[in-house]
Amino acid sequence: MNLIELLPKLIEHRVPVSVLNINRRVFFHWKQEGLIDYEPYIVEIENKEDKNSKKVKKWLHLNAFDMLWLLMVKELRSFNIDLKTIKELKTYLDKSIFD
């Protein structure tokens, strides 16, 4: 399998946060602290067949890159690395190599 075939599969949102064993409260705390910056986390879906149905909140699944970052944050926290240092690491990793 070459990269052109693999990349679309990596960016598909298929991994639920619950699989990563990250507590919902911790997840939103990391988001509030700026460790997680991708949106949206919750998608509202309504039943199009039933016009009287209310919107239902459903967790959005993560793609492979988001999942990898969350696993890295989780592992760094297990070594008691503070959130400020992890945020600095995130800033460093987000920089372009051409800068």
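Could you tell me whether segment 68-81 includes any residue that is in contact with a Lys or Arg (Cβ under 7 Å, 6 or more places away or on another chain) and either modelled with pLDDT of 90 or more or small (Gly, Ala, Ser) (or both)? Before you say what the answer is, go through the steps one by one.
Going residue by residue through segment 68-81, those that are in contact with a Lys or Arg (Cβ under 7 Å, 6 or more places away or on another chain) are none.
No, that holds for no residue.
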Exercise for the section: Consider only pairs whose beta carbons are under 9 Å apart and that are at least six residues apart or on different chains; among these, list those whose first residue lies in segment 84-99 and is modelled with pLDDT of 85 or more and whose second residue is of a type outside the set (A, V, I, L, M) and part of a helix (DSSP H, G or I). Expected result: 86/30; 86/77; 90/69; 93/69
Exercise for the section: Looking only at segment 1-41, count how many residues are open to solvent by less than 100 Å² (accessible area, probe 1.4 Å), under 13 Å from residue 62 (Cα atoms), of a type outside the set (Phe, Trp, Tyr) and in a helix (DSSP H, G or I). Expected result: 5
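The values are calculated or read from the model by the stated rules, or taken from the named source; none is laboratory data. Computed from a prediction, not measured in an experiment: that's the story for all the values here. Quick reminder, even Gly has a Cβ in these numbers, built from the backbone with ideal geometry, and neighbours come from all protein chains shown. For accessibility, only protein heavy atoms count, side chains too; no ligands or nucleic acids. Shrake-Rupley method; radii C 1.70, N 1.55, O 1.52, S 1.80 Å.
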